[in-house]
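Scroll down for the structure; my scribbles are underneath it.
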Amino acid sequence: MSTEYNGYITTERIEGATDGPLVDATVAVKDNISTEGVRTTCGSAMLEDYVPPYDATVVERLKAAGATIPGKTNMDEFGMGTTTETSAFGPTENPVAEGHVPGGSSGGSAAVVAAGDADMALGTDTGGSVRAPAAFCGVVGIKPTYGLVSRYGVVAYANSLEQVGPIAPTVEEAAQLLEVIAGPDPSDATVRDATEERGADAYDYTGAADGDVDGLDIGIPMELLDGADEQVTEVFWDAIDDLEAQGASYHEVDLECLRYAVEAYYVTAMSEASSNLARFDGVRYGQSGGYDGNWNETFARAREEGFGEEVKSRILLGTYALSAGYHDKYYKKAQDARAWIKRDINDALDDADVLASPTMPVPPMEMGESLEDPLKMYLADANTTPVNLANLPAISVPAGETGDGLPVGLQLVGPAFGEKEIIRAGSALA
Ligand code: GLN
């Protein structure tokens, strides 16, 4: 196994059942998903030695399906980032674009798949963390509808937004992996039964990867192309031409609300994070700060030492946004924007089968670049975050490359529990 691009944090093998649909497959798992007996760090020094006593439901399902887990993959600390550079275990490099980031926060998962060091992988997507690295590494990633996949045993960053999603070289393999992990779980009451929404064959995702886009109606929100890099836009339109040549058609959509998605996302995500990460105090979870007679100082020291810069600044901003006197000004406004985004995207999906955009408005950044300019990094999430705010499913498929050979992804967004629609459309390209 090559390791120079730093895709894995831990390479302990976990064997699955001796038969099942994934018996010949290796599936790497992002390091914020609990694995019984194998350390789960969330890319944080805080959890450097944390070994969960139980498996996440998605891990149980992988094992039951016969998969072998070759290791736990590198990630931005607690999922906070778009480049896999905020990990306490060092950054992951993009294995198909030397000197560039692999995307994030599930950068390790996409990198090990792109490098051939795992057949497939699981990531988590709070605001784009499966789709961004899939796009940057030239592989396929799916962010499922909120409530399709269990989050039991997944370390929460912003629980109203995130879902576990598959990453694979092809749409068909990603669909197969999704089929294994999806479905109700008594341990997670937010999971819905998709058959109630979509009928008895609701979970037949592999069967949906038939590449049939004849008659498919694609809506293109022009706001998501406005600020995009020119080369990315060119590759995007070529992919749309390709879908048209196969029988699809498209129309432009105006979604003013999308201009507010990044702000609404970051206020929401940081607010939820400030609450979710309170448990890492060195007593309940995390490295101890060493008790010396004063608990406040003990907690403070554990958090000062255990968390990295990005995590600390997000906890501070989230705490501020939720504090008395500011709650209405920030958090409530973000929730209003979220409701608006949800309504308007769903309306647009009444007039289109899927919505399409570039997954990322920019090609993979050079390593180091976005640590200097966090705002630029946050803005790179412009096209992915609206999908999480609206709780919808989306897929990123490889659309082509820039002139310099950097991968570009196409994002297709579907209606709630419309995974089959986006899988079908995506499989016409990859
Ligand atoms: N880049 C976004 C963030 O930093 C999304 C991360 C994610 O989906 N986990 O919050």
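The values are calculated or read from the model by the stated rules, or taken from the named source; none is laboratory data. Worth saying up front: this structure is predicted, and the values here are computed from it rather than measured. All Cβ positions, even for glycine, are placed from backbone atoms using ideal geometry, and neighbour counts span all protein chains on display. Just so you know, the surface numbers come from the protein's heavy atoms only, side chains and all, with ligands and any DNA or RNA stripped out. Shrake-Rupley method; radii C 1.70, N 1.55, O 1.52, S 1.80 Å.
Observations, loosely collected:
- Averaging Cα coordinates gives a centre for segment 230-249 and one for segment 20-58; these two points are 38 Å apart.
- Segment 104-120 and segment 159-182 have their alpha-carbon centroids 13 Å apart.
- For G165, the residues 5 or more places off, or on other chains, whose built amide H falls under 5 Å of its own are G123, T124, D125.
- Ellipticity at 222 nm from helices only: DSSP H runs of n ≥ 4 in the chain, each -39500 (n - 2.57), divided by the residue count, give -9500 deg cm²/dmol.
- Projecting the Cα positions of A28, P95, N6 onto the charge dipole of segment 1-116 (unit charges on Cβ atoms of Lys, Arg, Asp and Glu, taken about the Cα centre) puts A28 furthest along the positive direction.
- Less than 5 angstrom separates the built amide H of S357 from those of Q411, all sequence-distant by 5 or more or on a different chain.
- A Förster distance of 25 Å, applied to the separation of the beta-carbon atoms of Y291 and Y54, puts the FRET efficiency at 0.35.
- Global geometry of segment 1-122, whether rounded, prolate or oblate, following the gyration tensor of its Cα atoms and the 1.5 cut on a/c: oblate
- Rg/Rh for the chain stands at 0.95; both radii use Cα atoms, and Rh follows the Kirkwood definition.
- Amide H within-cut-off set for S129, under 5 Å, with H built and near neighbours excluded: S105
- Residues W340, W237, W295, sorted by accessible area with the largest first, give W295, W340, W237 [1.4 Å probe; ligands and nucleic acids excluded].
- Ligands, DNA and RNA left out, the 1.4 Å accessible surface of the chain is 48% carbon and sulfur atoms.
- Among the listed pairs K63/K312; K30/K329; K312/K333, those beyond 30 Å (Cα-Cα): K63/K312; K30/K329
- Take 398-410, 106-118, 153-165, 78-90 and order them by the average number of nearby Cβ atoms within 10 Å per residue, most first; the result is 106-118, 78-90, 153-165, 398-410.
- Averaged over its residues, the chain has an accessible area of 37 Å² per residue, based on protein heavy atoms and a 1.4 Å probe.
- Neighbourhood net charge (14 Å Cβ-Cβ; Lys/Arg +1, Asp/Glu -1) for P361: -3
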